[in-house]
Amino acid sequence: MSKDKPDQELIVSRQVLSIPQRFSTGPVMGRFLTELRDNKRVMANKCPKCGRHQLPPREVCAICRVEATEWEELGPEGRIRDFDVVYYASPDPLTGKTRETPYVACWADLDGTRGDAPLWHLLDAPDPSVVRRGLRVRVVFADERHGRMEDIKHFEIIDDSVGRGAGEAQGGSK
């Protein structure tokens with residue numbers, strides 16, 4: 001504080017703002033979200049030029065800049081590419097609720113990709129110490145789906161014996 005200014009009381013207003021809005025997903029993201037909601041399928045589009053998957057899908061390949069109209073189902077299983085164990089209890093910006101810590105978020109390469117389209121989501125890992133790169137996981141869908149990313153509830157570990165070999169990268173970015 002400057003010597004010529006008196007101390008000022010800091011007033012904090014804690015509130016969650018809710019602004020009801022609707023956004024158009026467009027045809028590409030709309031198909032992706034519809035597949036999650038109606039068919040419990042993770043779909044990616046594929047570039048006709050380089051063969052790269054895009055997840056979430058986009059109208060144009062981010063590398064070749066050509067229209068990507070081919071679709072492929074990925075997963076629902078895959079391997080963890082990388083992960084974070086989170087110890088900081090920050091509030092969810094959409095709900096204002098604070099998630100219990102620690103929790104794990106991960107990038108997973110779903111079966112069917114060439115490692116070119118990892119999907120980020122939460123991992124149901126009651127013991128974060130067992131999480132490592134290469135671990136097999138499966139998408140778990142929410143019981144009630146509405147055409148949003150939250151239609152994927154989380155990933156679950158399906159085989160924790162895989163990836164323990166010598167030279168396997170252990171741990172994630174923490």
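To the nearest 10 degrees, how steep is helix 26-39 against the longest Cα principal axis of the chain, on a 0 to 90 scale?
80
Need the list of aspartates and glutamates near Lys49 for cross-linking: C-alpha distance under 18 angstrom, and skip anything on the same chain fewer than eight residues off.
Once the sequence-local aspartates and glutamates are set aside, what remains near Lys49 is Glu59, Glu67, Glu70, Glu72, Asp116.
Please give, to one decimal in nm, the separation of the simple spin-label points placed at Asp124 and Thr69, each 7 Å out from Cα toward the Cβ.
Result: 4.0 nm between the two label points.
For the range 1-75, count all C-alpha to C-alpha pairs, find those more than 21 Å apart, and express that count as a whole percent of the total.
Details: 1433 of 2775 pairs.
Pairs farther apart than 21 Å: 52 percent.
Which value, in Å³ per residue, describes the convex hull spanned by the Cα atoms of the chain?
Details: hull volume 37.2 nm³, N = 174.
About 214 Å³ per residue, rounded to a whole number.
For a Förster distance of 45 Å, can you work out the FRET efficiency between the beta-carbons of Asp7 and Asp143, rounded to the nearest 0.05?
Details: r = 53 Å, r/R0 = 1.18.
FRET efficiency, Asp7 to Asp143: 0.25.
Give, in nm to one decimal, the length gained when the segment between Leu17 and Glu100 is fully stretched (0.36 nm per residue of separation minus the Cα-Cα distance). Don't skip to the answer; put the middle values down first.
Details: separation 83, 0.36 × 83 = 29.88 nm, distance 2.20 nm.
Between Leu17 and Glu100, full extension yields an extra 27.7 nm.
Under 12 Å from a point 7 Å along the Cα-to-Cβ line of Asp82: which residues of the range 45-67 have their amide N that close?
No residue passes the distance filter.
Can you give the charge dipole size of the range 1-130 about its Cα centre, rounded to the nearest 20 debye, using +1 on the beta carbon of Lys and Arg and -1 on the beta carbon of Asp and Glu? Write out the running numbers ahead of the final one.
Working: 18 positive and 20 negative charges, 86 e Å.
Charge dipole, the range 1-130, about its Cα centre: 420 debye, nearest 20.
For Glu59 and Trp107 in one chain, what is 0.36 nm times their gap in residues minus the Cα-Cα distance, to one decimal in nm?
Details: separation 48, 0.36 × 48 = 17.28 nm, distance 2.21 nm.
That pair, Glu59 and Trp107, stretches by 15.1 nm at full extension.
For the peptides 81-93, 34-46, what is the packing order when you average, over each peptide's residues, the other Cβ atoms within 10 Å and list the highest mean first? It would help to have the intermediate numbers written out before the result.
On the way: 81-93: 13.7, 34-46: 18.8.
Put in order of decreasing packing, that is 34-46, 81-93.
We did not get these values from a lab; they are worked out from the coordinates using the rules stated. What you see is a predicted model; the values in this text were computed from it and never measured. Cβ: placed from backbone, ideal geometry, glycine included. Neighbour counts: every protein chain shown.
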